[in-house]
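Asks: This is the structure I have questions about; it appears just below.
Any read-out appearing in this document is the output of simple, stated calculations on the displayed coordinates, not a laboratory observation. Source: prediction; values computed, not measured. Here the Cβ positions follow ideal geometry from the backbone for every residue, glycine too, while neighbour counts run over all protein chains shown.
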Amino acid sequence: MNALIDTLRPNGLDPAEDVLLAWLKTTDEAAVAQLYQAAFRIKNEQSGPGIFLRGLMEISNQCQKNCLYCGIRHQNEATLRYDLPESDILALGHKAAELGYASIVLQGGERVDNKFVSKITRLLQGLKNIELKRGVDGGARKPHQAKGLGITLSLGEQTEEVYREWYEAGAHRYLLRIESSDPELYGKIHPQDKLHTYQRRIEALQSLRRVGYQVGTGVMIGLPFQTEEHLVKDLLFFKHLDIDMCGMGPYIPHHDTPLAVYADKIPSPERRLDLSIRMVALLRMLMPNINIAATTALQVLSDRGRELAIEAGANVVMPNLTDLLYRSNYDLYDGKPGASVDADLTDSPFARYLQERNIPILRGEWGDSMHYFARQRG
Ligand code: SF4
């Protein structure tokens, strides 16, 4: 096992690209199983045995952008648009607290108009006033949790001023996926215009860091035109950007998008799942104390997708709190889990799986990235 770890963390340095590539390509199942065990053990050592919860709220599917892979892209006229009223979102915040969630994610399409920005600011102030329940798994509330719900935003590229306004209103984590760290591949999966440039995305990530957020990013795995070499570069990109959180998962085509014409040119579902889990494990080896999500897209390719990611070092799950009425219209990709995935995990197959393996669900915990605090300490 130690020799295995040594290939990925030679003398504490970044591994060579060809080592990471070999791990993505190897057909040695015993070695891959060892990799997953090592990643799982490192996750336990760094962030404890439990799994952090975030209640996901899909607050709006209105978006100004036209990413070529996304089902809710602006030009998709088949999408029934919605924008949840503030009262509904606050009610979801109360529901989250009732269910024992201490952290939520507000996710939506990208909008930059003043009305939207102000709405988010007011919402953050309201959500921060919701009182948390005591951790139902016996976890005592920590002093910082007296500040109410921990809030992650995932609302796309904004100006640094907007990011700061939202940070000061109560958000403290932000997820902005790069989708591919390779500028050329990024260009192939986005329209060629000023709104969709790679540089804009990088600058937004830098703005988030300057403002003080815990910054998360991630990529899609198994895209058309993507090679394992691209994925190696993605892993090293995360490391060099020094991210605090990562959410990555398989590319799942959406039938109403331009990229869907290449659906027969992507790796098989089995390979995309396999690659996604390997990416989780390799990132855990590279960045032991960041938060890594077991993403919902994994469940499209396997009922056990999230479980596989957890066994490979993921430590965050994001059950969907959005009302079913709206959830079906937040249609990012085909087959997105809907009604069958319940936010109340108390009697779900997933909760039973965790119980059988003595993996506690950390209700009542914000579950911040240890990496962020380590960086703050210098
Ligand atoms: S990926 Fe995000 S920014 Fe791009 S079209 Fe979809 S919701 Fe909008």
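Asks: Would you kindly derive the ³J(HN,Hα) couplings of the stretch 104-119 from the backbone phi angles with the Karplus curve 6.51 cos²θ - 1.76 cosθ + 1.60 (θ = phi - 60°), listing them in order in whole Hz, with x for Gly and Pro?
Replies: In residue order, the calculated couplings are 10, 10, 9, 10, x, x, 7, 9, 10, 5, 4, 4, 5, 4, 5, 4 Hz.
Asks: Can you work out the FRET efficiency for the pair residue 113 and residue 29, with r the C-beta to C-beta distance and R0 = 56 Å, to the nearest 0.05?
Replies: 0.65
Asks: In which sequence would 200, 54 go, from the one with the fewest C-beta neighbours within 10 Å to the one with the most?
Replies: Ascending Cβ contact count within 10 Å gives the list 200, 54.
Asks: Next up: Explain nothing, just the number: relative contact order of the chain, from Cα pairs under 8 Å at least 6 residues apart, as a whole percent.
Replies: 26
Asks: Considering only 113, 242, 182, give the residue with the highest GNM mean-square fluctuation for the chain, with springs between Cα atoms whenever their separation is below 10 Å.
Replies: Maximum among the listed residues: 113.
Asks: Computed FRET efficiency, Cβ-Cβ of residue 271 and residue 83, R0 30 Å: what is it to the nearest 0.05?
Replies: Between residue 271 and residue 83 the formula returns 0.20.
Asks: Which value results when the Cα radius of gyration for the stretch 191-237 is divided by 2.2 N^0.38 Å?
Replies: Here the Cα radius of gyration is 1.36 times the empirical estimate.
Asks: Placing one identical point scatterer on every Cα of the chain and ignoring solvent, what is log10 I(q)/I(0) from the Debye formula at q = 0.07, 0.09, 0.11 Å⁻¹?
Replies: So the normalised log intensities work out to -0.28, -0.47, -0.73.
Asks: What number results when the radius of gyration of the stretch 216-352, computed over Cα atoms, is divided by 2.2 N^0.38 Å?
Replies: Dividing the Cα radius of gyration by 2.2 N^0.38 Å gives 1.05.
Asks: Tally Lys/Arg at +1 and Asp/Glu at -1 over every other residue whose Cβ is under 15 Å from the Cβ of residue 261; what's the total?
Replies: In short, 0.
Asks: Moving on. By a straight-distance test (C-alpha under 12 Å), which aspartates and glutamates pair with residue 43 as possible cross-link partners, with residues fewer than eight away in the same chain excluded?
Replies: In chain and number order, the partners are 311.
Asks: Also: Once the dipole of the chain is set up with Lys and Arg at +1 and Asp and Glu at -1 on Cβ about the Cα centre, which of 55, 279, 295 lies farthest towards its positive end?
Replies: About the Cα centre, the residue reaching furthest to the positive side is 55.
Asks: Count the net charge of all other residues whose Cβ sits under 12 Å from the Cβ of residue 42, scoring Lys and Arg as +1 and Asp and Glu as -1.
Replies: Its environment carries a net charge of +3.
Asks: OK, next. Taking a Cβ-Cβ separation under 4.7 Å as the criterion for a possible partner, which cysteines of the chain have none?
Replies: Lacking a cysteine Cβ partner under 4.7 Å: 63, 246.
Asks: Moving on. Evaluate the relative contact order of the stretch 225-316 (contact order divided by residue number), counting alpha-carbon pairs under 8 angstrom at least 6 apart; express in whole percent.
Replies: It rounds to 33 percent for the stretch 225-316.
Asks: If the elastic network links every pair of Cα atoms under 10 Å, which of 106, 354, 175 fluctuates the most in the Gaussian network model of the chain?
Replies: Its mean-square fluctuation being the largest, the pick is 354.
Asks: Largest first and to the nearest Å, give the Cα extent of the stretch 272-318 along each principal axis.
Replies: Reported extents, whole Å, longest axis first: 27, 21, 14.
Asks: Here is a further query. What distance in nm separates the simple spin-label points at residue 348 and residue 131, each placed 7 Å from Cα in the Cβ direction?
Replies: About 2.7 nm separates the two model spin labels.
Asks: Now, a different point. With runs of 4+ DSSP H residues as the only contributors, calculate the mean residue ellipticity of the chain at 222 nm using -39,500 (n - 2.57) per run, divided by the residue total and rounded to the nearest 500.
Replies: Counting only the DSSP helices, I get -12500 deg cm²/dmol.
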